[in-house]
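The values are calculated or read from the model by the stated rules, or taken from the named source; none is laboratory data. Quick caveat, the model's predicted, so the values are computed rather than measured. Cβ atoms come from the backbone with ideal geometry, glycine included; neighbour counts cover every protein chain shown.
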């Protein structure tokens, strides 16, 4: 046997075994430095991800991890998000974690929040989204635009819990509008004036707490509109007084001066509905607005403990108010 001829092959075999052994060692070795928190941004390449993970000492070798991800095809399924690892892991387990996905920024839009409330809520959670600068016309590929045309986004920001992963401002808004389109539009598109119904729903949301009472209050509002009465809804005037805020408004108490203000949201003076929704209503309020439960009432108010008191006449209404003072 000519040793000189097989020497290169022996060297090659040793190199392969060394690289292979090192690769297997890196893949199977555990990282005990936990808990760990890290973030993967949307649209980042597998090369950038693995290098950043090595830089943060989450993995020992970006080359080994990238090679493993490519060989297994897992590099195609890594998800953006915020990750938190609380137990020891090796690269195989880490790859499965990255495929499962991390957490985004979770934000809960509470029923009755206004557009400005929601904008501030997002800002407090690290997302600067200017809801005020957009109208439905900006999202004219949605069915909402075909029905509601060039309306502001007030009333269309569907209350729900959302999770965001590095979306742009427009993508964030569109996700919320698509939720409204999915949940609310099937009810609203069947009626003659869906925008009026949405405004009524926004009034109901702010005025009535018990869901069953919302259907009765809906009938009261529609009857007063039909009879050309003022609606006398406090929440509409509060919306104006608080400059479009509600949850983040410190002073909601109406004064005699407020009640005399020449503001289109003062529906103690101006007949008809306010110009826009005064909140972003829940699906329950939307359903109530388009399905009023017929009754003989023309007046209502809500007590401090959330009960709705209905009356047939103004005299009865005023007597009930006095009895609670």
Index of the failed condition, residue 96 passing every other in (1) in the same structural domain as residue 166 (by TED's automatic domain parsing); (2) surrounded by fewer than 15 Cβ atoms within 10 Å (Cβ to Cβ):
(1)
Output yes when any residue across the range 90-101 is farther than 30 Å from residue 47 by Cα and over 20 Å from the mean Cα position of the chain (by Cα), and no when none is.
no
Restricted to the range 234-262 and to residues being in a loop (DSSP other than H, G, I, E, B) and buried (at least 17 other Cβ atoms within 10 Å of the Cβ), the residue farthest from the chain's Cα centre (by Cα) is 242
Which residues, taken from the range 263-297, are assigned to a loop (DSSP other than H, G, I, E, B), buried (at least 17 other Cβ atoms within 10 Å of the Cβ) and in contact (Cβ under 8 Å) with a residue 60 or more places away in the chain?
273, 274, 276, 277, 278, 279, 280, 281, 282, 292, 297
Odd one out for residue 309, checked against (1) outside any loop (DSSP other than H, G, I, E, B); (2) out of contact with any helix residue (DSSP H, G or I) (no Cβ under 6 Å at 6 or more places or on another chain):
(2)
Look at residue 84 and say whether it is over 13 Å from the mean Cα position of the chain (by Cα), assigned to a strand (DSSP E or B) and more than 22 Å from residue 200 (Cα to Cα).
yes
List the number of the failed condition for residue 163; all other conditions in (1) farther than 19 Å from residue 283 by Cα; (2) outside any strand (DSSP E or B) hold.
(2)
Please work out which residue is modelled with the lowest pLDDT, limiting yourself to the range 178-204 and to residues that are part of a loop (DSSP other than H, G, I, E, B) and touching a helix residue (DSSP H, G or I) at 6+ places or on another chain (Cβ under 9 Å).
190
